[in-house]
Structures are given as C-alpha cells and as structure tokens.
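Right, one structure below, let's go through it.
The values are calculated or read from the model by the stated rules, or taken from the named source; none is laboratory data. Treat the numbers as computed from the prediction; the structure is a model and nothing was measured. Cβ: placed from backbone, ideal geometry, glycine included. Neighbour counts: every protein chain shown.
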Amino acid sequence: MNVFSYLSDLVHEEIEALSRAGALPAGLDLGAVSVEPPREAGHGDAACNAALVLAREARRKPREIAALLAARLEEHAALRAVEVAGPGFVNLRLTDEFWRARLGELLAAGPGYGAEDLGGGRRVNVEYVSANPTGPLHVGHARGAVVGDALANLLAHMGFAVTREYYVNDAGAQVDTLARSVHARYREACGETIGAIPEGLYPGDYLVPVGEALAARDGRRWLAAPEADWLPAFREFATEAMMDLVRADLDALGVRHDLFRSERALVGEGRVDDAYAALEADGLIYRGVLEPPKGRREEDWEPREQSLFRATRFGDDSDRPLRKSDGTWTYFATDIAYHRDKIERGFVDLIDVWGADHGGYVKRMKAAVSALSGEAAALDVKICQMVKILDGGTPVAMSKRAGRFVTLRDVVDEVGKDVVRFIMLTRRNDAPLEFDLQRVTAQSRDNPVFYVQYAHARACSALRRGAEIVPHAELEPAALARADLASLDDAAEIDLIRRLCQWPRVLAGAALAHEPHRIAFHLQELAGAFHLLWTRGKDDARLRFIDAERPAETRARLALISGVKLVIAEGLALFGVEPVQEM
C-alpha cells in the first residue's frame, strides 16, 4: 500500500461526503488536494492541504473547512489523532496497529514491494552518455551513465517500456580530427619519428594501439597516400575502435544500451534533409538575420541572412540557425533530425541525460521536439554537473594537453563499480559532486555507500543469528508477515516501520520526477534509523533484536529486520549495486 495514496483517497471521499451533505459546495476541484509527509516530524505522519486549496472555490475560511474535514476523519479507526494546524492544514497521526499491519503487507509482497504499473507499458526513450567517440570515457561521463541507467531501471520497474539509447556523434569535425590523430600514431607504428603530436590533434596514448592495429592490418599502404584517400578509412576504423573502448568502459560500470544510433548514418539516410523539409512545410523555417548574442558588441558581430527555425514560437529565447555559412548543417539541425527519428519510432516521452556544458542547449531542443511532434511529445533533459575527483581531500591533477584525465575505467578499477554507481546518485544530478577516492572506500558513517551496505549486512547477520532461535523456515518474509508484531511498540520501531512504508511513495515520486537520487536519499535515511535502533538495543535489553528467552518478540523484530533488508536490497538493485551479505 502507498500510505499517502490511501490517505489521499480517504480525504477525497470525506470531502465528497461533505458536499453530498451540503456542508460544502458540490463539484469542487480536488486536483490540487494532496496528502504529504509534514515538513516537521512533530506535526504527525501526514499533512493535508485540502482546506487551503478549496477555500476560495468553496467560499469558506480555510480553518472552517479544515474543522469539517477533521471531524469526519476522526471517525476512521486507522487515525489516532486529527489536528487542525496553522492557517488550515489537517495533520494526521496513524495508529501503531496501522503501521504494524503495513509491515506485514510489505513482507507478504516480498521482492517488488512498492512497484506499481505507473507506466502502463508507455514507451520511454532514455538517451544517456552519448559521448563523442574520440577517446575513453572520463569520470564526468560516468555520472551521466549512472544517472541514465538508474533512471531507466526505475522506469522499467514502474511499468514503463524503456529503450536505453546512445547517440554516436560520428559525423562531425571531431571525428576527422580523430582520424588525423590516429594517422600520426599509424605513422609512428610504421617506424616513422613523429615527434610531438601537432597542436589540434588528440595527444592521448590511448590512440597508440589503434595506430598499431591499423599498421598490422594495412601495413605501409597509407604512408604515401594523400589525405583524401586515407581519411575515410581511418575515420571508420578509429570510430569503431573508440566505440569498442566506450562499450568496454560502460560494461565495466554495468551499463548496457539497447541501441546505438549513428549520426553519420542519420545524415547518410537523408534524415536531416527530411526534418528540415518537415519544419519548412509547417512554416517554421524562414530566411532572416539574428540579433547579436548577449554580451557581444555590435562591431564584433557580422549579421548575415540564414535559414532560421522559429524556436521562439515554442518557448526558446531566440530563433536558431540550421545551416552554416558554407551550407553545411549545424549541430542543432542534426540533433533535430535525431529527435525526429525518435518520435517517428513511436516515442512521445523522451529523456536526455547531458553534461554540464549543454545547459544552454535545452530550450532550443525542447522547442524542436514540440515543433516536430505537434506538441504531442515531451522532452525532459537531465543536466549532470561536474564531478571533482579528490584523493584524501586533494584534487587529482589532470592535463588535457598531455591527454591525461581521470577515466571512468580508472575510477571503477580503483574503487569498484558498485561504489561508483551509488556515489554518483548521492546528489541531485544538477548539483556538483565531489568524489573522494579515499572517503568512498572508508568504513564510516560519512561514506553513504558503506552506511547503506552495512545496514544490509547487519540485517543479514541478525537473520542468520535469529535462525538459531527461530526455525529457519519461519524466517522467510512470507512467514514473518504472519508473525505477531504487537511487541513492536517502541517509538523508534514504529518510526523505522514508517520509513519502510514510505518506499512505494519514494518509488512513484522518483519515477514521475525522473529523479533516481531520491532513492539514495531514502536508503540513507532508512539505514540511519536502523543503525540507531541497533545501537539502542545495546543499552536497552528490551529493544535487542535477538533474545533467546523471548522468541515471540525476537520473531517480531526479525520481521522488522527482514523489511529493512528487503527495501535496501530493492533500492540497490535499481541502482545496479549488489547488496553485500557481510562486511
């Protein structure tokens, strides 16, 4: 049960009953009525805003409506207290019996508790990583990869039909630069002395084996050939080599895509021309001159007539050019064609996970998706801010000139994929993240992945010890669901159950908002409540989880522990993290 959905339904029923009784007008719009956790725990288990949002339409004072609603809600056995607070909030407190019954439901549901068919099979396209195929993935790409993958997992868990996609930017000038860089390494592999890598080429040593592989395949065939002859072959070979490297890096992180869509293939199929023609047919292309960009002096700006997309009609700040002065397509034009390709494949829910340097690109892309779909499709862009790598508080030095940077594989090899995946989700995607190589492997409560994993390991340990007192067959969640839970009456125990029962709401909210970090926040809070109760049991024998002389109470507490284990394991699974059994 989603407790807050249950309470919301209860409130809606009572408001409708008040309307039928003539105490409130009929036909009130209940769309904005909500029941949420209160901002302060002291205000109860839930707070309802009904009186505040209905006051104007009902032509009644908020506290008058709140009093009417509270009087009806007090009749429900599940509620031990209903209070009118502030300007008209209705605070609700549920009985301990209610919470204990929810723990039984959790255990009876077992794995999959909290999942619901929110999506109803609705198709969603999640595009993430999509790094230029010019080198290994760096740690910034790791964040986008984890955010996109965890979000895809979450949406699939909640009933959406998810396609995980990678857009290969293999048609731009950067791929020609890659080909020329590999040519230098090819010459080196053939025995030539190349000296320093020329300015403007990629200097990284990761291209050395690519040049060697080409030399092994083709010998000295290309040494005397003009660039026009060797460039296409080098471009294709280098791009495939880099994408093999990218796939291997992603595999090390546990990330796998359903589809890799090539920009070069898109252009070759004429899809950019088709998208341009479609916008033109809808009257959304015109010849015009743009104003100088903000902050640019007019004397430094050369106005010229261009083919422009009417992006301002769909909420952008400016109309956008689709062709460069030499007649070739802009990056935006090819991105328009790619998103039109998604829409034509039947997707109306599009999610793109981008790096921090693409923030200024969001409005124009949303405008394009609206235009291409007749405003039927929606694009949500998740911007992942930078990741700062530290080692014991000291920034890890990098040198772009030397081609040295912290790669995704470096970090995975150093701390393990599970640590990387969890830590990348401990902040909102749009907030900067510090990743300290020492801290994320420390066994302390300041390390969130250790803190959560330790809670799972503790639960497993307690269940193993409990098997010495309670027959092992009775420790399965379905059996524990039938246990007498009446002895779980301490405020800390009820608080832990309350947090467990927030899991369905957390899942639904994270899926609808496209915010997987909410799960990490909840798991940390749940782990904290569990560790606190464990510590209290050391000082108060009545709260100890395992007591050989009190088998009934032990079984009740093992039911609580089993709930903790189940929810943490489910959350970690959505993150692609393996829960540990012991530490």
Discussion item. Considering only residues that are surrounded by fewer than 23 Cβ atoms within 10 Å (Cβ to Cβ), of a type outside the set (Lys, Arg) and under 14 Å from residue 531 (Cβ atoms), which ones fall in region 423-453?
Written reply: 443, 444, 446, 447, 448, 450, 451
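Taking the stated definitions as given, is residue 81 more than 30 Å from residue 407 (Cα to Cα), of a type outside the set (Val, Ile, Thr) and touching a Lys or Arg at 6+ places or on another chain (Cβ under 7 Å)? Let's see the steps before the verdict.
Working: more than 30 Å from residue 407 (Cα to Cα): yes; of a type outside the set (Val, Ile, Thr): yes; touching a Lys or Arg at 6+ places or on another chain (Cβ under 7 Å): yes.
It is true that residue 81 is more than 30 Å from residue 407 (Cα to Cα), of a type outside the set (Val, Ile, Thr) and touching a Lys or Arg at 6+ places or on another chain (Cβ under 7 Å).
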Discussion item. Considering only region 34-55, I want to know if a residue exists there that is over 18 Å from residue 496 (Cα atoms), surrounded by fewer than 20 Cβ atoms within 10 Å (Cβ to Cβ) and in contact with a Leu (Cβ under 7 Å, 6 or more places away or on another chain).
Written reply: no
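Pick from region 237-282 the residues that are outside any helix (DSSP H, G or I) and free of Cβ contacts under 8 Å to residues at least 24 places away in the same chain: which of them is surrounded by the fewest Cβ atoms within 10 Å (Cβ to Cβ)?
Step one: list which residues in region 237-282 are outside any helix (DSSP H, G or I), which gives 253-262, 269-270, 282.
From what is left, the residues that are free of Cβ contacts under 8 Å to residues at least 24 places away in the same chain are 269-270.
Details: 269: 13, 270: 11.
It comes out as 270.
Condition test on residue 143, is it of a type outside the set (S, T, N, Q) and surrounded by fewer than 22 Cβ atoms within 10 Å (Cβ to Cβ)? Lay out the reasoning, then the answer.
On the way: of a type outside the set (S, T, N, Q): yes; surrounded by fewer than 22 Cβ atoms within 10 Å (Cβ to Cβ): no.
Answer is no for this residue.
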Worksheet item: Among the residues of region 510-517, is there at least one that is within 27 Å of residue 161 (Cβ to Cβ), surrounded by fewer than 16 Cβ atoms within 10 Å (Cβ to Cβ) and either over 30 Å from the mean Cα position of the chain (by Cα) or free of Cβ contacts under 8 Å to residues at least 12 places away in the same chain (or both)?
Response: yes
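For (1) at pLDDT 95 or above; (2) closer than 30 Å to residue 538 by Cα; (3) in a loop (DSSP other than H, G, I, E, B), each residue gets a yes or a no:
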site: 366; (1), (2), (3): yes, no, no
site: 371; (1), (2), (3): yes, no, no
site: 381; (1), (2), (3): yes, no, no
site: 425; (1), (2), (3): yes, no, yes
site: 429; (1), (2), (3): yes, no, yes
site: 446; (1), (2), (3): no, yes, yes
site: 464; (1), (2), (3): no, yes, no
site: 470; (1), (2), (3): no, yes, yes
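Okay, residues lined up against (1) closer than 25 Å to residue 113 by Cα; (2) over 38 Å from the mean Cα position of the chain (by Cα); (3) at pLDDT below 95:
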| residue | (1), (2), (3) |
| --- | --- |
| 2 | yes, no, yes |
| 10 | yes, no, no |
| 14 | no, no, no |
| 41 | yes, no, yes |
| 44 | yes, no, yes |
| 67 | no, yes, no |
Worksheet item: Quick one: which of 168, 162 is over 21 Å from residue 428 (Cα atoms), surrounded by 20 or more Cβ atoms within 10 Å (Cβ to Cβ), aliphatic (A, V, I, L, M) and in contact with a Pro (Cβ under 7 Å, 6 or more places away or on another chain)?
Response: 168
Practice prompt. Taking the options 222, 230, name whichever one is assigned to a loop (DSSP other than H, G, I, E, B), over 36 Å from the mean Cα position of the chain (by Cα), modelled with pLDDT of 95 or more and of a type outside the set (A, V, I, L, M).
Written response: 222
Discussion item. Show the residue pairs meeting these rules: Cβ distance below 8 Å; 6+ apart or different chains; first residue within region 473-501 and crowded, with 18+ Cβ neighbours inside 10 Å; second residue part of a helix (DSSP H, G or I) and among the polar types (S, T, N, Q).
Written reply: 475/562; 477/562; 480/562
Practice prompt. Looking only at region 94-105, decide whether some residue is out of contact with any Phe, Trp or Tyr (no Cβ under 7 Å at 6 or more places or on another chain), surrounded by 15 or more Cβ atoms within 10 Å (Cβ to Cβ) and among the aromatic types (Phe, Trp, Tyr).
Written response: yes
Worksheet item: In region 4-96, which strands (runs of 3 or more DSSP E) lie fully inside it and hold 1 or more residues that are among the polar types (S, T, N, Q)?
Response: 89-94
Worksheet, complete the sentence: The lone condition residue 180 fails out of (1) closer than 27 Å to residue 344 by Cα; (2) part of a helix (DSSP H, G or I) is (1)
Fill in: Residues being out of contact with any Lys or Arg (no Cβ under 7 Å at 6 or more places or on another chain) and without any contact (Cβ under 8 Å) to a residue 24 or more places away in the chain - total across region 198-208
3
